[in-house]
Amino acid sequence: MATAVEDFDRRVEPYRNELLAHCYRMLGSVHDAEDLVQETYLRAWRARERYDQDRGSLRTWLYRIATNACLNALESRKRRPLPSGVVAESQPLEPFVHGGEAPWLQPMPDAMIHLGDPAGAAIDRGSLRLAFVAALQHLSARQRAVLILREVLAFSAAESADMLRTTTASVNSSLQRARARLRQAGVLEDEVAEPSHADQRAWVERYMRAFEKADVDGLKKLLTDDVLMEMPPVLNWFVGRDNYGQFMGWLFGRSGSGWRLLPIEANGQPGFAAYLRGDSGAFELHTLQVFTVTASGISRNSVFQDPEVFANFGLAAKIES
C-alpha cells in the first residue's frame, strides 16, 4: 500500500515540468527556478490537508503556491535582462565593456523540461523564447505574474486574482500595463510568427557550416537586415548584417577557423556550443549561442560565456580533436 508521501508525489509529479517553466519565466534563472519548484512542493506537502479540505484543481493550487513563492523570491533578487534591454547599442569593434557581477538572463535547456517529448506537452514553446522572457524581466514582479497567468497559462481573471490574493479589477489593470510595456519593447508573445522548429534548425545548421569555415560572407547571407547580436556578460550589442559581419571577421581574424560546434536546444530555439582549438590541440569551450530564426533568416543571436550556463547544459570544458 502506498505511503502518504508516495501518494502525494504521484499526484503532483506530472506538473513538475510546467511548474519549472513557470518559475523560469518569472525569475530568468535556471538554478533559481529549480529551487522554487522544490520550495513549491515542500509548501504543498506541508499544506496538503488544506488542499484535501478544499478539493479544488490540484494544478491551480500548485500554481498559486509557485507564483507566490516566486513573488517572495523576487523581493530579494534583481531582475535578469539581456544587454539590449539595459544599455544603448554599440559598434561591433568598440572595446568590450563587461557587466561585472550583474545577474543576466540564462537560457533554459529544452532537455530540462522535456520540450518536444510527451512530458513537456503542456508547455508552450513560444512562451519560453529568450526575447519574450527577457521582456518579462522589465515588468514589475506583480505585472509579470499576472501576464504569465492570464496570457501564457490561460487562467481566468478571477482565478488569477484568487492566486494573487487581490481583486479582478487589479488583475485586469496590471495586465493592461504589462501588455503596454511589452508593446513598447516590441515583443508580444502571441504575435510572433516563426518557421517550424525543423526549419529553424536547418537555418542554424547552415550557419554552423559557414561558422566552421570562418566564412563571413556565408554567415551574412543567413541573417536578416536587422539581426541583433548580444553577448552577456559583455554589455556591447549591435544590430545589422554589416555590423554582424564586421564583428565575425574580427573574431575569425583573431581566433582562426579551428572550431568544433555541438548542437543544443534552448528555450524552444536552436543553438550550438562553440569550442575553439587551444594550444594543447584540444577544443576548449568558448560560447553557447541561441538563435531566433524567422522566415527571412536569423534575426537574433544571444551568445553566453557564463560557466553556470555551461553547467546547466552539461557541456564539457574540453573535447578532443
Cα centroid separation - the range 65-121 against the range 168-245, whole Å
15
Contact order normalised by length for the range 138-222, with contacts defined as Cα pairs under 8 Å and 6 or more residues apart; what percent is it?
21
For ASN236, which sequence-distant residues (separation of 5 or more, or a different chain) have an amide H within less than 5 Å of its own amide H, given hydrogens modelled in the peptide plane?
VAL97
Interchain or long-range residues, amide H under 5 Å from ILE298's placed H:
LEU223, THR224
I'd like the Karplus ³J(HN,Hα) series for the range 106-122: coefficients 6.51, -1.76, 1.60, θ = phi - 60°, whole numbers in Hz, and an x wherever there's a Gly or Pro.
9, x, 9, x, 4, 4, 5, 10, 6, 4, x, 9, x, 5, x, 5, 7
Can you list residues whose amide H is under 5 Å from GLU265's amide H, if they're 5+ apart or on another chain and H is modeled 1.01 Å from N?
ASP110
I'd like the Karplus ³J(HN,Hα) series for the range 61-68: coefficients 6.51, -1.76, 1.60, θ = phi - 60°, whole numbers in Hz, and an x wherever there's a Gly or Pro.
4, 5, 5, 4, 5, 5, 5, 6
Using the Cα centre as the reference, give the magnitude of the dipole from point charges on the C-beta atoms of the range 145-228 (Lys, Arg: +1; Asp, Glu: -1; all else neutral), rounded to the nearest 20 debye.
240
Listed residues LEU115, SER173, LEU74: farthest to the positive end of the dipole of the chain (Cβ charges):
SER173
Relative packing of 302-308, 126-132, which averages over residues the other C-beta atoms within 10 Å, highest first
126-132, 302-308
Using only the Cα atoms of the range 232-321, build the gyration tensor, take square roots of its eigenvalues as a ≥ b ≥ c, and label the shape rounded, prolate or oblate: rounded if a/c is under 1.5, else prolate if a/b is larger than b/c, else oblate.
oblate
Inter-centroid distance (Cα atoms) of the range 139-164 relative to the range 250-321, Å
35
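A short reminder: the numbers here are calculations on the coordinates, not readings from a lab. Note that the structure is a prediction, hence the values are computed from the model and not measured. Here the Cβ is made from the backbone with ideal geometry for all residues, glycine too, and neighbour counts use every protein chain on show.
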